[in-house]
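Visitor: Take a look at this one; I'll ask things after.
No value in this document is a laboratory result; all are computed from the given coordinates. As the structure is a computational prediction, the values presented were derived from the model and not from experiment. Glycine also receives a Cβ, built like all others from the backbone with ideal geometry; neighbour counts cover every protein chain displayed.
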Amino acid sequence: MPDVLYINGRFTTTDERVLGVEDRGFLFGDAVYEVFKFLRKTPIFLAGHWRRLERGLRAIEIPLPWDESSFASTMRDLLERTACDDGIVYIEVSRGEAARTHFYSDDMKPTAIAYSRRYTFPDAAKKARGIRMITQRDVRWRHCDVKSVNLLPNAMAKKAAQRAGVDEALLVDDGLVREGASSNLFAVLDGRVVTHPLDEHILPGVTRDHAIALARGRGIPVDERVIAVNELHSASEIFVTATTLGVMPVVQIDGRACGGGTRGPLTTDLQRALDDAESREVAGG
Ligand code: PDD
């Protein structure tokens, strides 16, 4: 079944072929993207996704196709037209279409698309079981804080994980843990929740922000510092966060049990707290 598609101010469906072959998103990866979750047709943590999209567009000098309120109303219009109640919206804004040359002109008109898609979020059993990871060398570009569509290293790391029969790749840079191929990583070390600081090495995850705030709100100390890969052996719990996963325990890395090999109490508590925060978003409309 086709999904509802927004493109440059109008609505159609994903059946329609809408992009020119010389769109710079396709030719140069000259674009940023967002993925947000919706439950009962209500966007979850939309303000955080907008802030990151706006920051990324400014960082790579693509004119903003929306302001915050036209963005929110466009997304709500999209969800009104969407057949399913729960799912994800994928948004991409590219620099636009022009004859292929590396130089881009300053007056290009961006291509803005967004489409909704049904999505099955992890159920209670999966959230209890957790995921397994393998480490992969982080060979990404040096601006991982921009959610650009240059995802070839992420896609290849993810494929390696799939071939190894696990769920996610942990990107490691010279012995330092950065993040998952599509998630942020947290470790519980000596009773403290530790995660990579916000800098150019990681994506500033919207779920990461919420997990940190929820942990701090419970009186659990959170340190934003770089974790060495060999520290992971002594972590009492490890989990990753992402829009599509929520808070997800990690029970094995490179074939070795980690974080006690099962979901820990702090992870369970944060899963519940995040579910509650999402329910509040739905209740608040
Ligand atoms: N990815 N780090 C990377 C490299 C990611 O691609 C993602 C999410 C995250 C988590 O960010 P957030 O909590 O805002 O979803 C961290 C999305 C889900 C994707 O590419 O599909």
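Visitor: Sorted from largest to smallest, which semi-axis lengths in Å does the alpha carbon gyration tensor of the chain give for its equivalent ellipsoid, taking the root of 5 times each eigenvalue?
Guide: 33, 22, 17
Visitor: Something else now. Report, in deg cm²/dmol and to the nearest 500, the calculated mean residue ellipticity at 222 nm for the chain, where each DSSP H run with n ≥ 4 adds -39500 (n - 2.57) and the sum is divided by the residue count.
Guide: -9000 deg cm²/dmol
Visitor: Only four residue types carry charge here, +1 at the Cβ of Lys and Arg and -1 at the Cβ of Asp and Glu. Report the dipole size of the chain about the Cα centre in Debye, rounded to the nearest 20.
Guide: Approximately 620 debye in magnitude.
Visitor: Would you kindly state how much longer the chain becomes between ARG216 and ASP199 on full extension, computed as 0.36 nm times their sequence separation minus their alpha carbon distance, in nm to one decimal?
Guide: Additional length available on full extension: 4.1 nm.
Visitor: Expressed as a rounded percentage, what relative contact order does segment 116-192 have, with Cα pairs under 8 Å and six or more residues apart?
Guide: Once divided by the residue count of segment 116-192, the mean separation gives 29 percent.
Visitor: Using a Förster distance of 30 Å, how high is the FRET efficiency between ALA128 and ASP254, based on the Cβ-Cβ distance and rounded to 0.05?
Guide: The calculated FRET efficiency here is 0.85.
Visitor: Further question: So how do THR243, THR267, THR101, THR262 line up by other beta-carbon neighbours within 10 Å, fewest first?
Guide: If I rank by nearby Cβ atoms, fewest first, I get THR101, THR262, THR243, THR267.
Visitor: Continuing with this model, one more query. In nm, to one decimal, how far is the modelled label at GLU224 from the one at LYS109, with both set 7 Å along Cα→Cβ?
Guide: 3.9
Visitor: Can you put ARG192, ARG256, ARG178 in order of Cβ neighbours within 10 angstrom, beginning with the fewest?
Guide: ARG256, ARG192, ARG178
Visitor: Ok, one more. Given points 7 Å out from each Cα along the Cα-Cβ axis, report the ARG118 to LEU152 separation in nanometres with one decimal.
Guide: Here the modelled spin labels are 3.5 nm apart.
Visitor: Over segment 1-118, what is the mean sequence separation of C-alpha contacts under 8 Å (at least six apart), divided by residue count, expressed as relative contact order in percent?
Guide: Relative contact order for segment 1-118 comes out at 38 percent.
Visitor: Restricting to the chain, what percent of DSSP beta bridges are antiparallel, rounded to 5?
Guide: Numbers: 49 of 60 bridges.
Within the chain, antiparallel bridges account for around 80 percent of the total.
Visitor: Can you give me the distance in nm between label points at ARG137 and LEU19, each placed 7 Å from the Cα along the Cα-to-Cβ direction?
Guide: Distance between label points: 2.9 nm.
Visitor: Another question, if that's okay. Okay, which of segment 112-140 sit inside 12 Å, backbone N to the point 7 Å along the Cα-Cβ direction of VAL282?
Guide: Answer for this model: 121.
Visitor: Turning to a different aspect of this structure: What is the chain's relative contact order, in percent, from Cα pairs under 8 angstrom and six or more apart in sequence? Display every interim value, and only then the final one.
Guide: Numbers: 556 pairs, mean separation 51.2, N = 285.
Relative contact order comes out at 18 percent.
Visitor: What length, rounded to one decimal in nm, is gained on full extension from PHE28 through to LEU176, with 0.36 nm per residue of separation minus their alpha-carbon distance?
Guide: The span from PHE28 to LEU176 would gain 50.3 nm if fully extended.
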